[in-house]
Amino acid sequence: MPDGAALPQSARIGPNALLQLVPVLDEAIGEAGRIRLFEAAGVPDLPSGAEMIDEVDVIAVHQMLRQTRPDDFPTLAAAAGRGTGAYILNNRIPEAAQFVLRALPPKLSSHILVRAISKNAWTFMGSGEFRVIRASPPILEVFDNPMVRGAQSDTPLCHWHAAVFARLFGRLCGMGRVRETQCCAMGAPACRFEITEI
C-alpha cells in the first residue's frame, strides 16, 4: 500500500446486534459466562451504544454463540432480536408515527415500514446488501448476510433478524409472523424473510 494511503475500513453495524445479547445471556448463562463467551470471541469490551461498531465483532460473537450453545442459540438470538426491535420502537420511531402506522390498513402500513427499513438498512446489514422483493406482504432479503457468513447449516440461522422484523411488523402492521425461507448458511445467495399477518 502506498505511503499515506488509507487502510480499508471495515463495514459497520448497529451496536444493538451485541448489546441486546447482554441481558439475554446474563439471564441464561450468568454474567461471568457471558463475559467468557465475548472474550472467547475476541470481544472483551462492550460497545458504548453511542456509535456503529465493526461488523467483525458482531460476526465473531454470533458465531461463538452458535458454536458453544447450538441447542439454545435460536432462542437466545431471537430474544436478542426482540430486544433490538423493542429498542427501535422505544428510541427510533416517534410515537406519533407508530400511532399512524397502527391505524392504517396492514397493506399500506407495511409499504411505509418497508420504505423506512430500506432507508436505515445500513444499521443492521454491515457489508451485506438489503433487498426488498415485495413490500406487501413483505419479502425482504439480506444478500451475503455477514451475520452467518462462513456458517453451514441445514436450517435457517437468522433468528436475530427474523425476531427484529417480527417485533416491528407485529407492533406496527399486525404482520408479526416471519419465516426465513432461505439462508446464506444453507448455500443460498441471500437470507430471505417472508412476513405475513398474525
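The values are calculated or read from the model by the stated rules, or taken from the named source; none is laboratory data. Here the structure is a predicted model, which is why all the values come from computation and not from measurement. Neighbour counts are summed over all protein chains in view; Cβ atoms, including those assigned to glycine, are modelled from backbone coordinates with ideal geometry. Please note that ligands, DNA and RNA were not included when accessible areas were found on the heavy atoms of the full protein model with its side chains. Shrake-Rupley method; radii C 1.70, N 1.55, O 1.52, S 1.80 Å.
Couple of notes before you dig in:
- Residues (more than 20 Å from Gly30 (Cα to Cα) and part of a loop (DSSP other than H, G, I, E, B)) located in the stretch 40-86: Ser48, Gly49, Ala50, Glu51, Met52
- Flag set for Thr123, criterion: at pLDDT below 95 and of a type in the set (Ser, Thr, Tyr).
- Pairs with Cβ under 7 Å, 6+ apart, first in the stretch 145-166 and touching a residue at least 60 places away in the same chain (Cβ under 8 Å), second assigned to a loop (DSSP other than H, G, I, E, B) and open to solvent by 40 Å² or more (accessible area, probe 1.4 Å): Pro146/Ser127
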